[in-house]
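Remarks on the structure that follows.
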Amino acid sequence: MWTLVEVNEMDWEELRDERLEKLLCMDKYQLSIIYDGLTNTQRIELQEYRQALLDLPQDYNTPQEAHNNIPTEPDWME
């Protein structure tokens, strides 16, 4: 929570940072709505795609090799 003095001294960057924090906090609820609308197959594809992205750095020796093997997102995500 900001004090009145802090608010009065706030610059645009600080305001944007606070806005971003609030948007990110809100996003998790919207993402839940989207996720609930996915089929079981889409949920599995999403989990596999996410895991492949998480594993990418450890599965390859160089950034270039990893980049050349970035997993393809499921068709329905496009």
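The values are calculated or read from the model by the stated rules, or taken from the named source; none is laboratory data. Owing to the predicted nature of the structure, the values given are computational and were not obtained by experimental measurement. For neighbour counting, all protein chains shown are included, and Cβ atoms are generated from backbone atoms with ideal geometry for every residue, glycine included.
Quick check on segment 1-22: of everything there that is hydrophobic (A, V, I, L, M, F, W, C) and outside any loop (DSSP other than H, G, I, E, B), which residue is modelled with the lowest pLDDT? Steps first, please.
If we filter segment 1-22 for residues that are hydrophobic (A, V, I, L, M, F, W, C), which is where we start, we get 1-2, 4-5, 7, 10, 12, 15, 20.
Those still in the list that are outside any loop (DSSP other than H, G, I, E, B) too: 4-5, 7, 12, 15, 20.
On the way: LEU4: 73, VAL5: 72, VAL7: 69, TRP12: 76, LEU15: 74, LEU20: 87.
Only one residue fits best here, namely VAL7.
Look at segment 47-76 and say how many of its residues are under 16 Å from the mean Cα position of the chain (by Cα), exposed (fewer than 12 other Cβ atoms within 10 Å of the Cβ) and touching a residue at least 24 places away in the same chain (Cβ under 8 Å).
0
In segment 36-46, how many are among the polar types (S, T, N, Q) and in contact (Cβ under 8 Å) with a residue 12 or more places away in the chain?
Within segment 36-46, the first condition is being among the polar types (S, T, N, Q), and the residues that meet it are 39-42.
Next cut, in contact (Cβ under 8 Å) with a residue 12 or more places away in the chain only: 42.
So the count comes out to 1.
Could you tell me which numbered condition THR41 fails, if it satisfies all but one of (1) in a helix (DSSP H, G or I); (2) surrounded by 12 or more Cβ atoms within 10 Å (Cβ to Cβ); (3) at pLDDT 85 or above?
(2)
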